[in-house]
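Notes follow once the structure below has been shown.
The values are calculated or read from the model by the stated rules, or taken from the named source; none is laboratory data. All values derive from a computational prediction rather than experimental measurement. Every residue, glycine among them, receives a Cβ derived from its backbone with ideal geometry; neighbour counts consider all protein chains shown. Ligands, DNA and RNA are excluded from the accessible area calculation, which covers all protein heavy atoms including side chains. Shrake-Rupley method; radii C 1.70, N 1.55, O 1.52, S 1.80 Å.
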Amino acid sequence: MVGGGSPGPATLAIAGTAMQRGRAAGLAVAGGIVTGSACWGIAAALGMSALMLTHVWAFTILRYVGALFLIYLGYKALRAAWKSGDSAVATGLTDASLRRLWAKGALIHLTNPKAILGWGAVFAVAVPANAPPAQIWQTFAMLLTASCIVFFGYGVLFSSARMIRAYTRARRWFEATFGILFGAAGLTLLFTRGHAQ
């Protein structure tokens with residue numbers, strides 16, 4: 001829970017979306033992030049994350065894709081910061097826009113090498129090598145429940161009336177901050193040697 005709740009691309013995406021577009025949008029991004037988290041959790045439970053980490057090329061490709069996606073999100077946020085216009089929270093979200101927001105959250109987590117390392121590390125520490133399948137899947141269920149609490153909790157917290165009012169008053173500052181943080185995360189990922197090497 002501490003790892004999932006610590007500041008990073010996932011929490012930034014949920015916070016920014018929830019403040020800018022409201023609770024349904026923030027929860028849609030959180031749902032995508034939880035889905036991505038579940039995918040890496042299943043991969044770790046099946047031993048696939050360890051297999052991926054032994055193949056440096058696969059990990060490196062994922063790292064570059066994730067870095068470029070974060071840089072793209074940073075660019076979009078910075079561009080939004082300099083745009084003038086109404087800063088009110090968007091309303092009238094369609095099913096298609098909620099699906100796009102879900103996909104954004106899923107892509108953030110599916111292209112995040114930290115998610116692979118995090119799930120793999122927890123399984124390596126918490127689950128003995130000879131653990132029965134029931135213990136492996138119980139661990140997965142507990143960790144996924146913790147992810148749901150953290151990420152959906154952020155969606156609710158940052159879509160509160162107080163947070164939305166703060167965003168409305170200082171939209172450009174928020175967007176610029178999100179842009180810088182997304183960009184910095186992407187550049188760090190791009191230029192830091194992978195842990196799998």
- Query: Here are some conditions: (1) touching a Leu at 6+ places or on another chain (Cβ under 8 Å); (2) within 14 Å of Ala185 (Cβ to Cβ). Ala77 meets all but one. Which one does it not meet?
  - Reply: (1)
- Kindly indicate whether any position in the range 130-153 is among the polar types (S, T, N, Q) and within 22 Å of Phe59 (Cβ to Cβ). yes
- Query: Only one residue in Thr139, Thr145 is open to solvent by 50 Å² or more (accessible area, probe 1.4 Å) and assigned to a helix (DSSP H, G or I), so which one is that?
  - Reply: Thr145
- Just one listed residue, out of Ala81, Ala77, Ala90, Ala58, is modelled with pLDDT under 90, among the hydrophobic types (A, V, I, L, M, F, W, C) and not in a helix (DSSP H, G or I), and it is Ala90
- Assess whether Ala134 counts as being under 16 Å from Gly26 (Cβ atoms) and either crowded, with 17+ Cβ neighbours inside 10 Å or not polar (S, T, N, Q) (or both). no
- For the range 132-156, pairs from a residue that is within 17 Å of Ala18 (Cα to Cα) to a residue that is modelled with pLDDT under 95 and surrounded by fewer than 16 Cβ atoms within 10 Å (Cβ to Cβ), with Cβ under 6 Å and 6 or more apart or across chains, are Val150/Met1
- Query: Which of the residues belonging to the range 97-131 are β-branched (Val, Ile, Thr) and either open to solvent by 70 Å² or more (accessible area, probe 1.4 Å) or not in a loop (DSSP other than H, G, I, E, B) (or both)?
  - Reply: Ile108, Ile116, Val122, Val125
- Keeping to the range 5-27, report how many residues are more than 18 Å from Ala80 (Cβ to Cβ) and open to solvent by less than 30 Å² (accessible area, probe 1.4 Å). 4
